[in-house]
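Have a look at the structure below, then the notes.
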Amino acid sequence: MSKESFTSAEFYKYLKNEKFMGTCCNECQEVYLPPRPICIKCSSFDMSWTELSGKGKLVSFTSITVGPSFMSEAGFDRKNPYCVGIVALKEGPQVSGQILGVNSKEPETIKIGIPLSLKIMEHGQGNNKKTWLGFNKEE
Amino acid sequence: MSKGKKLGREVAIVGSGMSKFGVFPEMTTRDLFVEAYKDMTHSVDKGFDPEDIEATYISNFSSDIFEGQCHTAPIMADWVGQIPKPATRIENACASGGITLRQGLIAIASGVCDVVLVGGTEKMTNLPTENVTDALAAAGDTLYEVNCGLTFPGLYATMATAHMHKYGTKPESLMRVGIKNHENGALNPKGQFNVSIAALMKSKQEKALNKGTPVPEWEDELAFMKDNAANPVIAWPLRLFDCSPVSDGAGCILLAAGEIARNFTDNPIYIIGTGQGSDHALPERKDLTSLTAVKVAAKQAYEMADVTPDEIDIAEVHDCFTIAEILAIEDLGFFPAGKGPKAIDEGLTRRDGSKPVNASGGLKSKGHPIGASGIGQVVEIWNQLRGEAGPRQVQNVRVGLTHNVGTTGGSGVVHIYERRN
Ligand SMILES: [Zn+2]
């Protein structure tokens, strides 16, 4: 049995080092992101970290004009909306992330199903530094 | 013979009341709850002795964030004279109200109590909007779901986009949900907005006329809803009038065991079905156009009540966003998956339609004081089934349903009610 810890702290530590990690069940091979410490498919506790490709496709999205405070601080507002979507990763899990390289001002033009690849997003300094998932539209 | 689980014994609503929902700068959570409690006491036909209440269950999402007040249940109980009896708070985000009713129901059905007070209360409007947005987002998974800038409207917007993609749903159907609910809400004096969209358009024109600014012209309500100036986008495709407001308010219900219900009233409303479900955070779900927690809850409630969706005469559903009402009427089995928008377009869910939904105005028009919203739904069903809903009364209603959802469907709770007189 693995002695690793499958916490969000570990996930974000990996992410800081540009490693995009999920967990994998050693019994049934199911891959999880968020990184689950228990396999909810077969109930196994025997998990390990696995690196994900960061490749996926857009499942659904929205363009947000009224965002949370950290997004306003990052410069987004009514005139400059940002796109957020749900992304199905190649390895199976679905995650939410900011979607880049699309026209957030004309959401009608954004197509479900477009291929995406990971871009780790950061804003702020020191203790206020925030890290989140972004995905670039692949050409 | 019903296939479902059975309550240990019958439970009935014997009293029900609510505060006005809206914006009340000088009212706290407890002030609102006291107002709802007083309103409830007036509704108990034969009166009751507060001594008879054996336990209090309080629905409250987050007076912690909104008011800096935790541990609210004993305070609410104290303010209505229920010390030293047990008082318990329940928090499942926007589904807190329905789930608190369920806990009160279980307390009586199990035989632990005979008479229970169920309340819901929320004070939201003291915080600036941006902080409210943050507080609401905290009902999502803060580690993995909403940290990328997804807001509460944003989460529902992704469900709307998915529904549009899968079924060809048009924004006009969403707009018609809002128009209908405001039309109903205009007849609800307890609601936050007592104004139909048509009346709102007229008042905006009059205001412009009085100020001497250009008078806006709209062909009809849909044109108003599509006007970016009148109805700006919040999280595309959701606009301002697709979103329920930030509200203050409280509701209060008195529950009694079936065998003593007629000591309080000759017209108790029986709770004949209850169901509750849970789900993963939104991104992990393979289908974004349906809420599993609701489907699970509805199945339990229908089976316990031995009632089919067709037999529901009237429903109050959780329209925190207009798309949520469309998902609700599909997940509850009122209409097939993907056919909700058509039902809305054809007016089937209006008060005079075949399946009246949100006669109260729903959360959209009545208001959405989170912990009180699910209780407010029960108050409406009580009034409707007893024929006491005034100008918005729906005719010939005997079986009612409430549907209450936590955030994007992390929690779902459904109750079914019956009038027997
Ligand atoms: Zn497994």
Rg(Cα)/(2.2 N^0.38 Å) for the protein assembly as shown, N = residue count = 0.98
Given q = 0.20, 0.21, 0.23 Å⁻¹, what are the Debye log10 I(q)/I(0) values for the stretch B:87-188, with equal point scatterers placed on the Cα positions and solvent ignored?
-> -1.13, -1.14, -1.16
Projected area of the stretch B:245-292, taken from the Cα convex hull and averaged over every viewing direction, in nm²?
-> 6.5 nm²
Where the Cα atoms of the stretch B:154-285 are projected onto their three principal axes, how long is each span, largest first, in whole Å?
-> 64, 44, 24
Tell me the Kirkwood hydrodynamic radius of chain B in angstroms, computed as one over the mean inverse distance between distinct C-alpha pairs.
-> 21.2 Å
Heavy-atom accessible surface of the stretch A:1-122: percent carbon and sulfur, 1.4 Å | 50 percent
Distance in nm between A:GLU10 and B:CYS70 label points, each 7 Å along Cα→Cβ, equals 2.8 nm
When you look at the Cβ of every residue in B:286-293, what mean number of other chain Cβ atoms sits within 10 Å?
-> 1
Please report Rg over Rh for chain A, where both radii come from the alpha carbon positions and Rh follows the Kirkwood definition.
-> 1.01
Working from Cα positions, state the angle (0 to 90°, nearest 10) between the long axis of helix B:292-305 and the longest principal axis of chain B.
-> 40 degrees
Relative counts (whole %) of C-alpha pair distances in the stretch B:290-421, using bins that are 10 Å wide | 13, 50, 34, 3
Along the charge dipole of the stretch A:8-51, Cβ charges K/R +1 and D/E -1, which of A:ALA9, A:SER48, A:CYS25 sits furthest on the positive end?
-> A:ALA9
Peptides ranked, highest mean first, by Cβ atoms within 10 Å: ranges A:79-88, B:34-43 | A:79-88, B:34-43
Cα-projected label distance for A:GLN125 with B:VAL23, points at 7 Å along beta-carbon direction, nm = 3.7 nm
When you take every Cα atom in the stretch B:224-342, what is the radius of gyration, and what is Dmax, the widest Cα pair distance, in Å?
-> 18.2, 57
Rounded to the nearest Å, what's the spacing between the alpha carbon centres of the stretch B:152-225 and the stretch A:34-100? Just the number, please.
-> 31 Å
Compute the distance in nm between two label points, each set 7 Å from the Cα along the Cα-to-Cβ direction, one at B:ARG420 and one at A:PHE45.
-> 5.0 nm
Please sort A:22-35, B:209-222 by packing, taking for each peptide the average over its residues of neighbouring beta carbons within 10 angstrom, highest first.
-> A:22-35, B:209-222
Dividing the alpha-carbon Rg of the stretch B:367-421 by 2.2 N^0.38 Å yields what?
-> 1.23
What is the helix-to-structure angle for B:96-109, meaning the angle in degrees between its Cα long axis and the longest Cα principal axis of chain B, kept from 0 to 90 and rounded to the nearest 10?
-> 20 degrees
Carbon plus sulfur fraction of accessible area for chain B, probe 1.4 Å, in percent = 52 percent
Can you work out the accessible area per residue across chain B, with the rest of the protein chains kept in place, probe 1.4 Å, in square angstrom?
-> 36 Å²
Lys, Arg +1 and Asp, Glu -1 on Cβ, resulting dipole of the stretch A:55-137 about Cα centre, debye, nearest 20 = 180 debye
Counting every Cα pair in the stretch B:30-129, what percent are over 24 Å apart?
-> 19 percent
Theoretical FRET efficiency, 1/(1+(r/R0)^6), r = Cβ-Cβ of A:LYS19 and A:ILE112, R0 35 Å, to 0.05 | 0.75
Other chains near A:128-138: what is the mean number of their Cβ atoms within 10 Å of each residue's Cβ?
-> 1
For the stretch A:8-51, what mean projected area does the convex hull of the alpha carbons give, in nm²?
-> 2.6 nm²
Dipole magnitude of the stretch A:8-51 about its Cα centre (Cβ charges: Lys, Arg +1; Asp, Glu -1), debye to nearest 20 = 160 debye
For chain B, what relative contact order do you get, as a whole percent, if you take Cα pairs closer than 8 Å and at least 6 residues apart?
-> 27 percent
Computed about the Cα centre, the charge dipole of chain B from +1 Lys/Arg and -1 Asp/Glu charges at the Cβ has a magnitude in debye, to the nearest 20, of 620 debye
Lysines with Cα under 24 Å of A:LYS41, excluding same-chain neighbours fewer than 8 positions away | A:LYS3, A:LYS55, A:LYS57, A:LYS90, B:LYS286, B:LYS295, B:LYS299
So what's the back-of-envelope 222 nm ellipticity for the protein assembly as shown, counting only DSSP H runs of four-plus at -39500 (n - 2.57) apiece and dividing by all residues, rounded to 500?
-> -9000 deg cm²/dmol
Rounded to the nearest 0.05, what FRET efficiency is calculated for B:LEU222 and A:ARG78 with R0 set to 22 Å and r the Cβ-Cβ distance?
-> 0.45
The pairs in B:LYS180/B:LYS355; B:LYS180/B:LYS202; B:LYS226/B:LYS342; B:LYS204/B:LYS355 lying past 22 Å Cα-Cα in this model are B:LYS204/B:LYS355
Alpha-carbon spread of the stretch A:55-137, three principal axes, descending order, Å | 33, 28, 16
Which angle from 0 to 90°, rounded to the nearest 10, does the C-alpha axis of helix B:171-185 make with the longest principal axis of chain B?
-> 50 degrees
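The values are calculated or read from the model by the stated rules, or taken from the named source; none is laboratory data. Computed from a prediction, not measured in an experiment: that's the story for all the values here. Glycine gets a Cβ as well: all are built from the backbone with ideal geometry, and neighbour counts include every protein chain shown. Each accessible area value is taken on the protein alone, full model and side chains, heavy atoms only, with ligands, DNA and RNA left out. Shrake-Rupley method; radii C 1.70, N 1.55, O 1.52, S 1.80 Å.
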